[in-house]
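Colleague: Pasting a structure below so you can have a look.
The values are calculated or read from the model by the stated rules, or taken from the named source; none is laboratory data. Fair warning: this is a prediction, and the values are worked out from it, not measured in the lab. Don't worry about glycine lacking a Cβ; one is built from the backbone with ideal geometry, like all the others, and counts go over all protein chains shown. In case anyone asks, the SASA skips ligands and DNA or RNA and just uses the protein heavy atoms, side chains included. Shrake-Rupley method; radii C 1.70, N 1.55, O 1.52, S 1.80 Å.
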Amino acid sequence: VSTQSTWEAVVSTQSTWKAVVSTQSTWKAVVSTQSTWEGGDWDRRNRLSIYKAVHAIRVRNFKAAAEGLLKSIQTFTAYEICDYQSFIFYAVCTAVPTLERKVLKKDVIDSPEVLQVLDKIPFLREFLTQLYACNYVSWFKGVVGLMPKVRSDRYMTVHANFFLRELRFTAYNQFLRSYRTVTLVSMAKAFGVTPAFLDAELSDFISAGRLSAKIDAVNGVIETSRPDRKNADYQQILRRGDNLLNRLQKLSKVITL
């Protein structure tokens with residue numbers, strides 16, 4: 001009995017010691033993580049931001065990718081992921097279809113880090129600058145010239161068709177924002193495509209609810225309709241109010257019973 005009691009005590013002591021060691025390891029990990037995010041290790045923090053941005057590319061979240069890449073553009077050190085030239089390529093490709101014009105101009109087009117790499121990648125300058133300049137024919141040529149690199153890239157290749165579709169939507173949406181009505185022929189001329197091709201493209205985006213416009217095929221005119229923000233908010237409040245009243249009525253019936 002004495003031996004058994006001694007053995008049980010030893011086992012209990014070992015279990016306690018393992019719990020203490022485990023607790024210490026966990027606490028050290030927490031302290032290390034806290035120190036990193038408080039600025040204790042800027043290199044690791046910067047690398048983590050780039051890792052998350054590259055992962056965002058892989059899962060087709062280009063907006064989050066652009067924000068993460070541009071945040072690390074001045075402190076890039078993750079050469080195990082890609083070289084700096086490829087890093088700028090990813091930053092530009094994800095920024096063009098996702099960022100607003102003002103942000104694109106400030107953070108990308110006028111960025112010294114981007115400018116020093118821009119001419120090293122064929123068609124990247126046209127792809128970045130011509131859309132902002134509303135020179136859609138030159139921009140389309142830049143897109144066509146850049147697509148072979150997109151299709152051959154290990155991170156972008158699986159999203160090539162989606163990426164190309166988003167680029168076309170961005171350009172069409174930017175063009176139509178400036179007009180209340182515009183003829184199909186003039187818009188097709190601005191993009192350097194045929195009216196039939198443009199009609200099919202716009203019809204696809206309009207039917208998907210992405211473009212607020214309609215095509216008058218008889219007169220060959222595109223009519224845009226800018227969404228009324230106040231009216232949309234009003235309708236949303238009404239729907240929420242109706243749902244709340246329905247729930248209250250159901251609840252009152254249950255309480256009465």
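Colleague: Over 20 Å between Cα atoms, which of Lys63/Lys106; Lys63/Lys105; Lys141/Lys189; Lys52/Lys106; Lys120/Lys141 qualify?
Modeller: On the way: Lys63/Lys106 16 Å; Lys63/Lys105 16 Å; Lys141/Lys189 14 Å; Lys52/Lys106 23 Å; Lys120/Lys141 17 Å.
Pairs exceeding 20 Å: Lys52/Lys106.
Colleague: Leaving out ligands and nucleic acids, and using a 1.4 Å probe, what accessible area per residue does segment 35-142 come to in Å²? Could the numbers behind the result be given before it?
Modeller: Details: 5580 Å² over 108 residues.
Value for segment 35-142: 52 Å² per residue.
Colleague: Within straight cross-link reach of Lys250, meaning Cα distance under 17 Å, which aspartates and glutamates are found once same-chain residues fewer than 8 apart are removed?
Modeller: In chain and number order, the partners are Asp242.
Colleague: Whenever you get a sec, compute what percent of the accessible area on segment 82-202 sits on carbon and sulfur atoms (1.4 Å probe). Mind showing how you got there, number by number?
Modeller: Working: 3170 of 5690 Å².
Carbon-and-sulfur percentage of accessible area, whole number: 56.
Colleague: Right, here's the next one. Once amide H atoms are built 1.01 Å from N in the peptide plane, which residues 5 or more positions from Ala213, or in another chain, come under 5 Å H to H?
Modeller: Correct list: Ser225.
Colleague: Another one. How large is the translational diffusion coefficient of segment 75-145 in µm² per second when you combine the Kirkwood radius over alpha carbon pairs with Stokes-Einstein at 25 °C and 0.890 mPa s? Walk me through the numbers on the way to the answer.
Modeller: Working: Rh = 12.5 Å.
In µm²/s, the coefficient rounds to 197.
Colleague: Are there GluC sites (Glu not before Pro) in segment 156-257 that DSSP puts in a loop and that have at most 12 other Cβ atoms within 10 Å, and which ones? Working shown, then result.
Modeller: Values: sites: Glu166, Glu201, Glu223; in loops: none.
Filter output for segment 156-257: empty list.
Colleague: Give me the accessible area of Ser225, 1.4 Å probe, in Å² rounded to the nearest 10.
Modeller: 60 Å²
Colleague: Would you list Glu113, Glu100 from the most to the least accessible area, probe 1.4 Å?
Modeller: On the way: Glu113 40, Glu100 110 Å².
The ordering from most to least exposed comes out as Glu100, Glu113.
Colleague: Please list Cys93, Cys134 from largest to smallest accessible area, probe radius 1.4 Å, with all protein chains kept in place.
Modeller: Details: Cys93 0, Cys134 65 Å².
Solvent-accessible surface, decreasing: Cys134, Cys93.
Colleague: Can you list the aspartates and glutamates whose alpha carbon is less than 16 Å from that of Lys149, not counting same-chain residues fewer than 8 positions off?
Modeller: Those aspartates and glutamates meeting the cut-off are Asp83, Asp119, Glu126.
Colleague: So what does Ile215 come to for accessible area, using a 1.4 Å probe and Å² rounded to 10?
Modeller: The accessible area comes out at roughly 50 Å².
Colleague: Any chance you could get the radius of gyration and Dmax over the Cα atoms of segment 54-107, in Å?
Modeller: 10.6, 32
Colleague: Ok, one more. Hey, got a sec? Which trypsin sites (Lys or Arg not before Pro) in segment 47-153 land in a DSSP loop and have at most 15 other Cβ atoms within 10 Å?
Modeller: When the trypsin sites (Lys or Arg not before Pro) of segment 47-153 are filtered for loop state and at most 15 Cβ neighbours within 10 Å, Arg60, Lys120 remain.
Colleague: If you don't mind, there's one more thing I want to ask. Go ahead and run the numbers for FRET between Lys189 and Arg58, Cβ-Cβ distance against an R0 of 30 Å, rounding to 0.05.
Modeller: Working: r = 38 Å, r/R0 = 1.28.
That pair, Lys189 with Arg58, gives E of 0.20.
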